[in-house]
1. Here are some residues: S210, S219, S205, S268. Which one is of a type in the set (S, T, Y) and modelled with pLDDT under 85?
2. Specify which of the listed residues (H191, H244) is surrounded by fewer than 16 Cβ atoms within 10 Å (Cβ to Cβ) and farther than 24 Å from K74 by Cα.
3. Condition test on R61, is it touching a residue at least 24 places away in the same chain (Cβ under 8 Å), within 24 Å of F140 (Cβ to Cβ) and crowded, with 20+ Cβ neighbours inside 10 Å?
4. Would you say F178 is touching a strand residue (DSSP E or B) at 6+ places or on another chain (Cβ under 6 Å) and at pLDDT below 95?
5. May I ask you to say which residue of M104, M91 is of a type in the set (A, V, I, L, M, F, W, C) and either part of a loop (DSSP other than H, G, I, E, B) or in contact with a strand residue (DSSP E or B) (Cβ under 7 Å, 6 or more places away or on another chain) (or both)?
6. Checking V185 against (1) on the phi > 0 side of the Ramachandran plot; (2) surrounded by 17 or more Cβ atoms within 10 Å (Cβ to Cβ); (3) at pLDDT 95 or above, which single condition isn't satisfied?
7. Looking at (1) small (G, A, S); (2) surrounded by fewer than 16 Cβ atoms within 10 Å (Cβ to Cβ); (3) more than 23 Å from E152 (Cα to Cα); (4) more than 16 Å from the chain's Cα centre (by Cα), which is the only condition G39 fails?
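The values are calculated or read from the model by the stated rules, or taken from the named source; none is laboratory data. Please read all numbers here as calculations on a predicted model, not as lab measurements. All Cβ positions, glycine included, derive from the backbone under ideal geometry; neighbour counts span all protein chains shown.
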Amino acid sequence: MANRHILGISGGKDSAALAVYMCNNHPELDIEYFFTDTGKELPEVYEFLGRLEGFLGKSIRVLNPKRDFNYYLKLYNNFLPSPNTRWCTRMLKLAPLKEWMSEMLKKGDKVFSYVAIRSDEPYRTAMQSEHNDVHIILPFREDGIDKAQVYEILESSGIGLPSYYEWRSRSGCTFCFFQQKIEWVHLLERHPDKFAEAMAYEKDSLENGSPFTWSQGESLKQLSQPQRIKEIKADFKKRQEREHRSRRVNPLRRGLEQVLDIDDLYNSDEGNGACSICTK
């Protein structure tokens, strides 16, 4: 029997900052870092994980689902996942984690899971377990670490932000349905092969009677039309300009915290309602 300390890395800024924070402030803990790989991640995510491993000085364990996205898509009658039916999170992210934790618990181990929910996110909750030997710990909330301090942690460590933050505000699958429309446009421009894959999934699902499209209110085929792209980009530019005019610049904090989160521009909760397992 042993105490197991685990920390999930999503490929986003908060979980990476928590890994750095715990490494720096609690070197006495033998923390096992893990990443649940759906097989549908951005290339930039893997590059960022490599940078983080270099800082931590240890490998990040990769958890893989037993079946891939295509298998579960067929299992769910070719219905795309959506905000109300998040089978992608349940089967591709949570199931591998629960299986790994179950192996620990069967041995009689106690599991301490560290989750990157910040002090300025009172609306977020962590996945809970009914098992008495699973303990969920929120170091950022307990220690008063907010979003600005997360940026400071990443900047001072030399890791910085994932490169996809230049055009997208979330980690997770390339076709995450929580993406803003401008992020779909950016995906088309940066990774046209990934956009084409998402569009093919959507086309098959619609032909099989699915009521869902990846982006609310329109298909990717409609969203990718030149005129529609111009409209989305024009709206995004207006939002950027409005945010820059209203934002107060802290002269003591001119680093990464000045980065504009795309969700902020659309007045959405960070992650646009997505769970912390995927976005943070």
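1. Checking each option against the conditions leaves just S268.
2. So the residue among H191, H244 that is surrounded by fewer than 16 Cβ atoms within 10 Å (Cβ to Cβ) and farther than 24 Å from K74 by Cα is H244.
3. When the stated conditions are applied, R61 does not pass them.
4. Criteria not met by F178.
5. Of M104, M91, the one residue that is of a type in the set (A, V, I, L, M, F, W, C) and either part of a loop (DSSP other than H, G, I, E, B) or in contact with a strand residue (DSSP E or B) (Cβ under 7 Å, 6 or more places away or on another chain) (or both) is M104.
6. For V185, the exception is condition (1).
7. With respect to (1) small (G, A, S); (2) surrounded by fewer than 16 Cβ atoms within 10 Å (Cβ to Cβ); (3) more than 23 Å from E152 (Cα to Cα); (4) more than 16 Å from the chain's Cα centre (by Cα), G39 is out only on (4).
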